[in-house]
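Read the structure below first, then the notes.
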Amino acid sequence: MSTKSGKWVRLAAVAVLVTLVAACSGNKNKNGGAGADGADGAGIGTDGASAVGTGSDGGLSPEEMAARTGLQYVFYFDFDQSQLNPETRAALDAQAAVMRNQAGPVRLEGHCDERGTPEYNLALGERRAKAIANYLILQGIDRGRIETVSYGEEHPAALGQDEDSYQRNRRVELKP
Amino acid sequence: MMIRALFLMCCLLSGAAVQAAELMIEITQGSDDPTKIAVVPFGATPGLLPPDAVDGIVSADLQRSGLFEAMAVSDMIAQPHEKSQVFFTDWRQQGADYVAVGRMTRDPAGLYRVTYELHDVLRQSQVLQETVNGSEAQLRDIAHYISDKIYEKVTGIKGAFSTKIAYVSTSSDRRSFRLIKADADGERALTILDSNEPILSPTWAPDGKQLAYVSFEDRRPRIWRQVIATGQREALTNFPGLNSAPAWSPDGRRMAMVLSKDGNPEIYVLDLATRQFTRLTNHFAIDTEPTWMPDGRSVIFTSDRGGKPQIYQADATTGALTRLTFEGAYNARARPMPDGSGIVYTHRAEPGGPFHIALQNFKRNTVRILTETIYDESPSIAPNGSMIIYATKRMGKGILAVVSVDANVKYFLPAAAREVREPAWSPYVR
């Protein structure tokens, strides 16, 4: 009995630790919260019902990271566009200056506002993420460190149907 | 390993089973000159109270098609259950064009026997009579079958009431995603996949027994296919970049899709037997949303190679290209009419304007806007070519809507609590 509860205490401690590590660093948690094994662990009933468990990213928000480092982690775009404006270029220059002195991967997540079709927006979000990636590569960041993924219109930052929300959703998030 | 197991345990959502209806039906517009039909409550042996009223389902099916006006039971002058009890002059006075009657029994083993008849009031003749058997769980199937038969007898068009729809249901904060399969009337909703990460682009195999879709459960998009009856599933792709927009060929042997592994989104065709990928497009623009024309000889897709998204057609063998859309600032995600006579797609006439569903007829060379709501997208056509289901917004909430191809019939399918999008109408299921 005691061994069993001891084991649970250890498990719980590990879980707390993991949460702390994820919250503090936000970067080494690249696979931890994703449930990359989620598919294998999914219970799929014979009636066709299935449940796949997938976690969410345990890192800091872009705003929290910006407050901590003084760098910008979200870059915005015009409708159906993937061009970088001068402010974005300046912010990426500052990011690249820091990244050059670090190792480790960065993930660029491209997003769109909800107007337009989901699959076209998936492609557009990728184009935006790649525009940021290509700029960083031009600034001397190793291509192999950069992963791009597009969420299209699936993960909006703002849920409203107004130009302000749309503007906030047309973005690329840089996740160290 | 232990950590991950613990994490998974925390995140595993309870397996969802059959829900009642997530969707409700609100009919907004019917045909100008509907056929008037009285679906009389079916007779049953005393004490038999089936959980689903077959006659009520038939009546609602026909009403929803817009081509029929179903008489209220309270207005019926009589409630016959068989031919000998049908007095045509009474029904003619009530303005009914057709009268459907029926009766049911249940044997000790629980098997239902449902007999229905359709009577033509003007010709004073019986035009349909059949007995259908099934279990209690199949009463809805029996009802939709009867609706299909009546619809076909009266309109000459094969009914599609027995078909299914698939759609994606999300929480309004977009933290929960479910792939749902339901009857075409929204009933018997079944969760096929439940995830905290996006699910999109559900599409039916031509046999109606499998679904393909895109799931982000690995924090990246991958194409999966899943057998509905068993839940057995398989990831078909795992390339860097986009793996999305799956579309089964009409013969079920190939799947068109979008991969960006070579740098930007291109249309590929996967041979499901040999697992060979063939690249169909080669352009630096976005090429996406492939779908097959019914003859299987060409793939139509969205490309912004001309500067704005437009629909193109590629020969599936040679890759030879034709541009199909020219009107408007944004034309995307086309679906062909079952007879190949045209395509429907998401259409935006001018920059900043609303998105509507448009039907382009190839022979007449016309483009007709079918919808009046805004943010209309993801059209999917019933296999009999009569109706189009699509996604739209109402008061900021994602709902499904249906419009007939002649734009005369319209109804909404809002969800009770969640938001719904990306509908896909199944082929005929046998």
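See the values below:
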item: Viscosity 0.692 mPa s, 37 °C: Kirkwood-radius Stokes-Einstein D of region B:160-234 over Cα pairs, µm²/s; result: 260 µm²/s
item: Net charge, residue B:393 excluded, C-beta distance under 12 Å - Lys, Arg +1, Asp, Glu -1; result: 0
item: Residue exposure sequence - A:69, B:115 - by fewest surrounding Cβ within 10 Å; result: A:69, B:115
item: Cβ-based exposure ranking for B:303, B:404, B:171, in which fewest neighbours within 10 Å come first; result: B:171, B:404, B:303
item: Total charge dipole magnitude, region A:60-176, about the Cα centre, Cβ charges on Lys, Arg, Asp, Glu only, Debye to nearest 20; result: 640 debye
item: Local net charge near residue A:159, Cβ-Cβ under 9 Å (Lys/Arg +1, Asp/Glu -1); result: 0
item: Dipole magnitude of the protein assembly as shown about its Cα centre (Cβ charges: Lys, Arg +1; Asp, Glu -1), debye to nearest 20; result: 1700 debye
item: Listed peptides B:351-364, B:119-132, B:186-199 by packing density, highest first (mean Cβ within 10 Å); result: B:186-199, B:351-364, B:119-132
item: Residues residue B:29 and residue B:416, FRET efficiency given R0 of 30 Å [Cβ-Cβ distance, rounded to 0.05]; result: 0.85
item: Residue B:407-residue B:82 pseudo-label distance in nm [points 7 Å out on the Cα-to-Cβ vector]; result: 5.0 nm
item: Pairwise FRET efficiency - residue B:326 versus residue B:275, Cβ, R0 = 45 Å, nearest 0.05; result: 0.75
item: Computed Rg/Rh of region B:84-214, alpha carbon atoms with Kirkwood Rh; result: 1.13
item: Residue B:93-residue B:158 FRET efficiency (beta carbon distance; Förster radius 30 Å; 0.05 resolution); result: 0.40
item: Neighbourhood charge, 10 Å Cβ-Cβ cut-off, centred on residue B:82 and excluding it, Lys, Arg +1 and Asp, Glu -1; result: +1
item: Highest-fluctuation residue, B:367, B:402, B:39 considered, GNM on chain B with Cα pairs under 10 Å; result: B:367
item: Unsatisfied cross-links (Cα-Cα over 18 Å) in the set B:36/B:149; B:153/B:410; A:130/B:261; B:36/B:153; A:175/B:261; B:164/B:209; result: B:153/B:410; A:175/B:261
item: Over the protein assembly as shown - Rg/Rh using Cα atoms and the Kirkwood inverse-distance radius; result: 1.03
item: Mean-position separation - Cα centroids, region B:248-306 and region A:117-176, in angstrom; result: 24 Å
item: Footprinting exposure proxy for B:61, B:148 (fewest neighbouring C-beta atoms within 10 Å first); result: B:148, B:61
item: Relative pair counts by distance (%), Cα atoms of chain B, 20 Å bins; result: 24, 52, 21, 2
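A short reminder: the numbers here are calculations on the coordinates, not readings from a lab. Note that the structure is a prediction, hence the values are computed from the model and not measured. No Cβ is skipped: glycine too gets one built from the backbone with ideal geometry, and neighbour counts run over all protein chains shown.
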